[in-house]
């Protein structure tokens, strides 16, 4: 009988320990449910800020490149000014020469008559 009493006492102690453990687990579970996990975002904030600064720098350099490119396009000339002036002068000279040649060909009698008059007058 003594062994039976010892076993019951041991079982009672084990059950009490188990109940205490269950109560502690319930407390811990409640604490976990009420505790909100906060993440330390300071490191990520610094990384994001550095990336933001880098992107702003790239954007600024792209805008400066675009402005320089647009200025160059606006100032660009296909042909130099002197070449355009020479071309126009040659064109005017060619048209004048062709006009003079056409007039001379179309009125040859008039010029021959003037030559004959000059010869007769001498």
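Counting only alpha carbon atoms, the long axis of helix 108-121 and the longest principal axis of the chain meet at about 40°.
Could you work out [θ]222 nm for the chain from helices alone, using -39500 (n - 2.57) per DSSP H run of at least four and dividing by all its residues? Round to the nearest 500 deg cm²/dmol. Calculated from helices alone, the mean residue ellipticity at 222 nm is -31500 deg cm²/dmol.
One Cα centroid belongs to region 19-36, the other to region 48-64; the line between them spans 49 Å. Within region 79-122, all pairs of alpha-carbon atoms sorted by distance into 10 Å bins from zero give the percentages 25, 26, 21, 16, 10, 2.
I'd like the Kirkwood hydrodynamic radius of the chain, using the inverse of the mean 1/r over distinct C-alpha pairs, in Å.
Working: mean 1/r = 0.0368 Å⁻¹.
For the chain, inverting the mean 1/r across all distinct Cα pairs yields 27.2 Å.
Every number in this text was worked out from the coordinates using simple rules, so none of it is lab data. Predicted model only: the values in this text are computed from it and were never measured.
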